[in-house]
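The values are calculated or read from the model by the stated rules, or taken from the named source; none is laboratory data. Just so you know, these numbers come straight off a predicted model, no measurement behind them. All Cβ positions, even for glycine, are placed from backbone atoms using ideal geometry, and neighbour counts span all protein chains on display.
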Amino acid sequence: MQRTNFKRMKATLRLLYVLPFLLTLNAASARLRVVATTPDIAALVQEVGGSEIDLVTLARPTEDPHAVEPKPSLMVKLNRADVLIHGGAELEDGWLTPLLQGARNAKIAPGAPGNIRANQGVPMLEIPSVLDRSAGDIHAAGNPHYLVDPVNAKLAAATITEALTRLDPGSASVFRANYTRFSAVLDAKLEQWRKLMEPARGRHAAAYHNSWVYFARRFGFTIDLFLEPKPGIPPSPGHLAEVVSKMKQEQARIILTDSYLDRRTAQTVASRAEAVVVEVSHFPGGIKGTEAGYIPLLDKLVGDIAAAFKTNQP
Amino acid sequence: MQGLELSLSGAVDPYFRANANILFQVDSGGETLVEVEEAWMETVSLPANLQLRAGQIMTDFGRHNPTHPHQWAFVDAPLVLARFFGPDGLRNLGARISWLAPTPFYSELMLTVQNSHGGTASSFRGGGHSHGHEAAEHLPFALRHADNDRSIEGVEDMLLTPRYAMSFDLSDTQVLLLGTSAAFGPNSSGGQGGGETRTEIYGIDATWKWKAVTHHAGFPFVSVQTEALVRRYDAGAFDWADEDDGNGLSDLATGAPATLDRETLLDYGAYAQLLYGFRKGWVAGLRVDCVFGTRGDYESGRFAFGDDELGRDPSRADRWRLSPNLTWYPTEFSKIRFQYNFDDRKTEGIDHSVWLQFEFLLGAHAAHKF
C-alpha cells in the first residue's frame, strides 16, 4: 500500500518537472492571436504576419462596415485575442464598443498595449472643426476610409509591423522581412497605378458615400459630389436633381458606388447625367476578383476606375 | 411626452467604467419627475473572464427586461413582462457577476443579487396593487395587503436572478441566441406572520436574426424574438378582521370580514415578435402577446368589496394582444413609430388602440448590443 503511494508520488513529481517545459513549449509554439476589425486592415495584417499569426476578421467584405451585427460570437473572438487592430477613426465604434465591453480582455482594452489603431501616423482628411450632428454622420477623427490610398496602407502596415514585433519579439525578423517585401511591391505598384490613372488627372467624379477622398487625392482627381446629401443620410429626389445638374456642370462622368450601397439609385443618376456607375469596395473580397489581398484589390480598383475615366471623356 | 432619457457612459479609470440612464418625465400637471433607470460601475479587467457590475441595475432576466424603452421595438412592453415585473421592469440596487465560459461558442453565466424591496421589484417585496379594476381600484394584489414583510436575514431574502445564455452563428448571416433565466425572492403578501411567502419566476427565450450579407446600415434584416415565463407566487394568509378601517373585504355568504387562506398562484405568459427591416430605415413589426393565470381560491366569487361581488382578478385574468407596427428611422438618431394594438382582456372586453411615437437622440452613436 505504502509502496504504491510512493510510486504515485514519484510519478506526480516527474510530471511537475516536465510541466514547466511543456508550458514553455506551448508558449513558444503559440502564435499571436490577432483580431482585425475590417477586411482591409486584415489584408495588411496578413501581409506582415504571414503564417506566424492566427488572424480573425470581424466584418465581412460585402457588408456595410458602419453597421456590423455585434454577434456574441464576435465577443468570444475578442475575448481570446492577443491583439486587436482597428481603424482608429470611429468607423467601427457603433458595434465594436459594446463587443469590447463584453469581451473582458484587458490585453486589448482601449489604451492597452494590444489595442492598435492602424491610422497612427496617417494624415487624416476632413477632420471637422465643429462637431454637429446636423452635418450628418461625421467622425471627429476625420474621414475613416483612408486605406484605399496605397501610401496610407504602407503607413498602416508599418504601424502593424511595429505592433506585432513588440508583442511577439520571437517572430520580429519574419514580420520585418514581410514588411520590407510588401512595401517594395507597393512602391513598384504605386508607380504603375499612377501611370494607369493618368486619364483621371484633374477630372471630377461623384460618389454615393463620402469614402473615396483619399483615393481621389492620391491619383489627382476630385470628388466633391455625393448622392447622400450628408454622410449616412439617404438621398432625396431634390438633392439628386441638384447632383445631376452639378455633375453636368463639372463634367463628372463617373459615380463610385460601394458594393453594399443601392446601385439602382446610382444608376438612375448616372443615366440622367450621362455618366457610368463604377462598383467599388474598400475591402478585398468586396467585389469579384479582389479576394486575394490588398494589391489585387487596388489593381482592380485602379483598372476599373481608370477605364471608366478613359471611356467617358467629356 | 413619454420621457427624456439622459444617458452617460464612459471609463472612470483603467479599472472601471460607468453608465447612467436618467429619465425625465413631465406629467399632465406640468411637474417634472426624475427617475434613475440605471446607474452602475463595471469592472474592466477582472481575471478569469469575470465581470462585476454594481449599482442601480436592470436585472438580466430574459431579452426584454434589461433594455431601455428607447431600445424597444414596440411602443409598450410585452404583457407578461409588465404583469410580472411592473411597468418599469425589474431593476434595483444590487450587483451582477457574469462569467464568459471558455467554450468555443458564446456561453455566459450571470447572477444578479439585488434588493428585493421597492416599486421596481413587483412580484417581490415591492408587491403591487391590482390595476384596471374600476370599482375597486385600491384593492391589493390577490385581495390581501402586503403586510408580511420579513426583514432581510440572509441572502435568500435578496432578489436572486441567475441567467445562462448561449449563441451560435447558424451561417454567415444568421445568429441564434438561447437563454434561460430565473428570479427568486421573498414577497410581502399576506398579514404579519403570514408565513414565508416567496416568488419564483422562470423564463426561456430565443432570438434569431438574419442580416443580408450585403446589408447597408444594417438593412435588410429579419429578426424573431420570443420569451415564455412562469410565475409561482405564494399569497400569504390574511384576515380582513384585522383591518380596523371597517370597509374591507367581506365574505359574501356571512357578511363577516373575509379570511383568506395561504395559497400558491400560478401565472404564465409569452410573447413572440417578428421584425422585418425591409429597406433602409424602415422596419415592420408584428407582436403576439398572451398572459393567463390559474384561478386562485380568492377568485372563487365568495368575496365582496362593499357592494361589489368579486370574481376573476383582472390583474391575473387571461389577456391576449396583437400589435402590428411600422417604424421609420430617418437617420439612426431619430425615429417615428406607428402602432396598433388589438387587446382582448377576458374581464373587460376588447380594446383597440393606436399609438404614434416620436423619438430623437442627441450625441454620440448609440452603441447597440445584439
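I'd like to check something: does segment B:162-169 contain any residue that is away from chain A (no Cβ under 14 Å) and in a strand (DSSP E or B)? Lay out the reasoning, then the answer.
Within segment B:162-169, the subset away from chain A (no Cβ under 14 Å) is B:162.
With the extra rule that they be in a strand (DSSP E or B), the set shrinks to B:162.
Taking every residue of segment B:162-169 in turn, at least one turns out to be away from chain A (no Cβ under 14 Å) and in a strand (DSSP E or B).
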Matching residues in segment B:247-269 - criterion: being crowded, with 20+ Cβ neighbours inside 10 Å and not in a loop (DSSP other than H, G, I, E, B) = B:Leu249, B:Leu260, B:Leu265, B:Asp267, B:Gly269
B:Gln273 passes all but one of the listed conditions (1) of a type outside the set (Gly, Ala, Ser); (2) free of Cβ contacts under 8 Å to residues at least 24 places away in the same chain; (3) within 21 Å of B:His64 (Cα to Cα); the exception is number (2)
Under 6 Å by Cβ, and 6 or more places apart or on different chains, what pairs join a residue from segment B:171-191 that is under 20 Å from B:Glu108 (Cα atoms) and away from every other protein chain (no Cβ under 14 Å) with one that is modelled with pLDDT of 95 or more and surrounded by fewer than 19 Cβ atoms within 10 Å (Cβ to Cβ)?
-> B:Thr180/B:Tyr164; B:Thr180/B:Ile204; B:Ala182/B:Pro162; B:Ala182/B:Tyr202; B:Phe184/B:Leu160; B:Phe184/B:Glu200
Name every residue in segment B:271-288 that is among the basic types (Lys, Arg) and crowded, with 16+ Cβ neighbours inside 10 Å, in order of residue number.
-> B:Lys280, B:Arg287
Would it be correct to say that A:Leu125 is within 30 Å of B:Gln51 (Cα to Cα) and touching a Phe, Trp or Tyr at 6+ places or on another chain (Cβ under 7 Å)?
-> no
When restricted to B:Arg295, B:Arg316, B:Arg337, the only residue within 24 Å of B:Tyr271 (Cα to Cα), over 20 Å from the mean Cα position of the chain (by Cα), assigned to a loop (DSSP other than H, G, I, E, B) and not β-branched (Val, Ile, Thr) is B:Arg295
Residues of segment A:115-153 being part of a helix (DSSP H, G or I) and at pLDDT below 90, in sequence order, are A:Arg133, A:Ser134, A:Ala135
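Taking into account only those residues within segment B:30-51 that are at the interface with chain A (Cβ under 10 Å from one of its Cβ atoms) and either within 20 Å of the chain's Cα centre (by Cα) or in contact (Cβ under 8 Å) with a residue 24 or more places away in the chain (or both), which is nearest to A:Arg80 (Cα to Cα)? Spell out the reasoning first.
Here is the first cut: in segment B:30-51, the ones at the interface with chain A (Cβ under 10 Å from one of its Cβ atoms) are B:42-51.
Narrowing the set further to residues that are either within 20 Å of the chain's Cα centre (by Cα) or in contact (Cβ under 8 Å) with a residue 24 or more places away in the chain (or both) leaves B:42-45, B:48-51.
Working: B:Glu42: 20, B:Thr43: 18, B:Val44: 15, B:Ser45: 14, B:Ala48: 12, B:Asn49: 10, B:Leu50: 14, B:Gln51: 15 Å.
The qualifying residue nearest to A:Arg80 (Cα to Cα) is B:Asn49.
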Answer yes or no as to whether B:Ala304 is touching a Ser or Thr at 6+ places or on another chain (Cβ under 6 Å) and either exposed (fewer than 15 other Cβ atoms within 10 Å of the Cβ) or outside any loop (DSSP other than H, G, I, E, B) (or both).
-> yes
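Please enumerate the residues belonging to segment A:215-238 that are within 14 Å of chain B (Cβ to nearest Cβ) and without any contact (Cβ under 8 Å) to a residue 12 or more places away in the chain. Break it down into steps so the answer makes sense when it comes.
Of all residues in segment A:215-238, those within 14 Å of chain B (Cβ to nearest Cβ) come to A:227-236.
Selection gives A:Pro234, A:Ser236.
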Hey, any hits in segment B:340-355 for a residue that's over 13 Å from B:Ala73 (Cα atoms), within 14 Å of chain A (Cβ to nearest Cβ) and surrounded by 17 or more Cβ atoms within 10 Å (Cβ to Cβ)?
-> no
Matching residues in segment B:192-225 - criterion: being within 11 Å of chain A (Cβ to nearest Cβ), part of a strand (DSSP E or B) and in contact with a strand residue (DSSP E or B) (Cβ under 9 Å, 6 or more places away or on another chain) = B:Thr207, B:Lys209, B:Trp210, B:Lys211, B:Ala212, B:His215, B:His216, B:Phe219, B:Phe221, B:Ser223
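Look through B:Gly301, B:Gly349, B:Gly285, B:Gly296 and report the one residue that is at positive phi and touching a residue at least 40 places away in the same chain (Cβ under 8 Å).
Working: B:Gly349 fails: touching a residue at least 40 places away in the same chain (Cβ under 8 Å); B:Gly285 fails: at positive phi; B:Gly296 fails: at positive phi.
Answer to the selection: B:Gly301.
For segment B:148-161, which positions are hydrophobic (A, V, I, L, M, F, W, C), outside any strand (DSSP E or B) and surrounded by 15 or more Cβ atoms within 10 Å (Cβ to Cβ)? Break it down stepwise before answering.
Start the filter on segment B:148-161 by keeping residues that are hydrophobic (A, V, I, L, M, F, W, C), which leaves B:152, B:155, B:158-160.
Retained after the next criterion (residues that are outside any strand (DSSP E or B)): B:152, B:155, B:158.
Within segment B:148-161, B:Met158 is the sole residue that qualifies.
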Filtering segment A:88-114 down to residues that are under 22 Å from A:Pro61 (Cα atoms), within 14 Å of another protein chain (Cβ to nearest Cβ) and not in a helix (DSSP H, G or I), which residue is modelled with the lowest pLDDT?
-> A:Glu90
In segment A:48-71, what count of residues is obtained for those that are over 13 Å from the mean Cα position of the chain (by Cα), at the interface with chain B (Cβ under 10 Å from one of its Cβ atoms) and in contact (Cβ under 8 Å) with a residue 12 or more places away in the chain?
-> 4
